[in-house]
Ligand code: ADP
Ligand code: ZN
């Protein structure tokens, strides 16, 4: 159905609805209501009236210009009658005689205004409201079946966000800040740009993994420029009913342009901005919403002062139409923070909580390698909660360290009781990891080993902390990592000669790294520099597809298997050769349940 047809049907439908409403109100006022009132008053003859007066039945008489109404009480019930007015001078005397109450009504001029309001305007308003409701629901329903007749107006009001942030609140991310400075400068003095004839970018795409502060950054841009900030998530646009999302986009831009200059932030833009035509299951609603967004972006003048920031962690799936000049033609990358970045984020968030003693920012941040800004923020909060739990009023370095484990491995699970045998197995497993790491040169030092079960399901873990931030991994590093991961299972084999399910996570990690070595990093002898895999989703991990024949795939599997087998072999060798060290450390761990790296090194040192 095309647009004209749609509008026509809609108009016809509306017109017939209102016609019916008018007809109904007319009938109501002219026939139904008078009839209802009439029925209560019965007609009678003047003779009846006189007889009733004589008989003393009449209680009350009301004389009007053209009729007489009277009330009779019979068997305790009241009946109302009326009759025509007669020129009967005797009647007054008769009524007086029988002691009947009577009066002459002075006809009141009806209040025309009030009458019209009550009997016409009010019903019309009520029915209009009902009609609107009805139509908007109908639109939804018909739309969902694919016909899409018009669209009800989305009633959502978008309010500027009150929560003000500035660049002070965003730690690190210097490159991103720098590229956004221009926009702030533009919003602060647009004249400067207009004079030259420069156009400010309309749309900026913030690209980066989850939790890197994209929302925070967008808010800070609005805060720095001191303009209103509108925020909406892409998923909010995608609704059940076709056409509603597009209406929401229209609303949002309508309201934003009233507040211009301002910033509109669309989170998770990939939910509406996915490439069209790429899949068989096209999503009508999403497509319409995206088209509306593109239309709106093209529609407003770039100098109007509405700047759209959008965030995504999947830039690869975005529709190219979104990225064309005049739309989201600027990209700002928000990366996971490095050591320095994490230290700064830690400082920003620790400013908000009370601390005690010297906080070892460097140590804490080294332990959180790979964590996002949101995770670091979460760690600080967990630390504060822990301080409260233990009845203290300030956060210490210890709280932070313990909360890192909470965030990474889950809460300590106090009521899981391992049997002594299981505890022994877990202890040897963890010591296996730690000992393999300790015997290697260049492996990150062990910081902590624990066999206290966590809510994440881990029965224990070994924490290694790199002394410095590392950006490159050598082939040797990778192999050693796999060996350390194999250490847990190897210890079970060497000591108990039986294997457990406790190594599942190790196996997964080891296999992933070994596969990446072959397919991604060109670290296998067989394939060398050949790329065997493309990653379609760089920020969320996973989703990589193999780009080779099925025969080659078989060879890849063989290579991966070989790497893991070799690593397992050498882990077993290390542990067999150092059996006495392993026994000593395991005994110590079983006794203490949690030991530091230093205690571990002491335990394995030969006298
Ligand atoms: P995203 O939108 O990228 O998923 P958010 O902006 O929602 O991430 O970040 C979540 C939280 O993480 C923020 O509210 C903030 O507390 C914290 N955070 C993330 N990055 C930073 C940073 N660079 N500086 C300070 N806090 C940060
Ligand atoms: Zn393990």
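Quick notes on this one:
- In the chain, inverting the average of 1/r over every pair of distinct C-alpha atoms gives 32.1 Å as the Kirkwood radius.
- Centroid-to-centroid separation of the stretch 56-111 and the stretch 440-495 [C-alpha atoms, Å]: 107 Å
- Cα-based helix-to-principal-axis angle, 339-350 vs the chain, degrees rounded to 10: 40 degrees
- Distance between modelled label sites at residue 104 and residue 558, nm, 7 Å Cα→Cβ extension: 12.4 nm
- 82, 354 arranged by Cβ crowding within 10 Å, fewest neighbours leading: 354, 82
- Between residue 394 and residue 351, the modelled label-to-label distance comes to 1.9 nm, taking each label 7 Å out from Cα in the direction of the beta carbon.
- Gyration tensor over the Cα atoms of the stretch 420-604: the corresponding equivalent ellipsoid has semi-axes (square roots of 5 times the eigenvalues, largest first) of 32, 17, 16 Å.
- Mean separation of Cα pairs under 8 Å and 6 or more residues apart, divided by the residue count, gives the stretch 171-248 a relative contact order of 23 percent.
- Tilt relative to the chain, helix 284-299 - C-alpha long axis, 0 to 90 degrees, to 10: 90 degrees
- Label zone at residue 580 (point 7 Å along Cα-to-Cβ), backbone N below 11 Å, the stretch 456-497: none
- Contour minus Cα-Cα distance for residue 501 and residue 596 (0.36 nm per residue): 31.6 nm
- Most to least packed among 392-399, 264-271, 521-528, 72-79 [average Cβ atoms within 10 Å]: 264-271, 392-399, 521-528, 72-79
- Relative contact order (%) - criterion: Cα under 8 Å, at least six apart; region: the chain: 10 percent
- Extension gain (nm, one decimal) between residue 126 and residue 28, 0.36 nm per residue minus Cα-Cα: 33.8 nm
- With the simple model of a label 7 Å out from the Cα in the direction of the Cβ, residue 548 to residue 471 spans 2.9 nm.
- Cβ-Cβ FRET estimate between residue 117 and residue 36, R0 fixed at 22 Å, reported to 0.05: 0.60
- Nearest 10 degrees, 0 to 90: helix 397-409 Cα axis against the chain principal axis: 80 degrees
- Centre separation in Å (Cα based) which lies between the stretch 342-390 and the stretch 514-529: 38 Å
- Residues 419, 231, arranged from fewest to most other Cβ atoms within 10 angstrom of their Cβ, appear as 419, 231.
- Between residue 192 and residue 324, the FRET efficiency estimated from the beta carbon spacing at R0 = 30 angstrom works out to 0.70.
- The stretch 41-107: relative contact order as a whole-number percent, Cα under 8 Å and 6+ apart: 37 percent
- Alpha carbon convex hull of the stretch 41-107, volume per residue in cubic angstrom: 86 Å³
Taken together, the values in this text are just the output of simple stated rules run on the coordinates, not laboratory data. Since we're looking at a predicted model, the values are computed, not measured. All Cβ positions, even for glycine, are placed from backbone atoms using ideal geometry, and neighbour counts span all protein chains on display.
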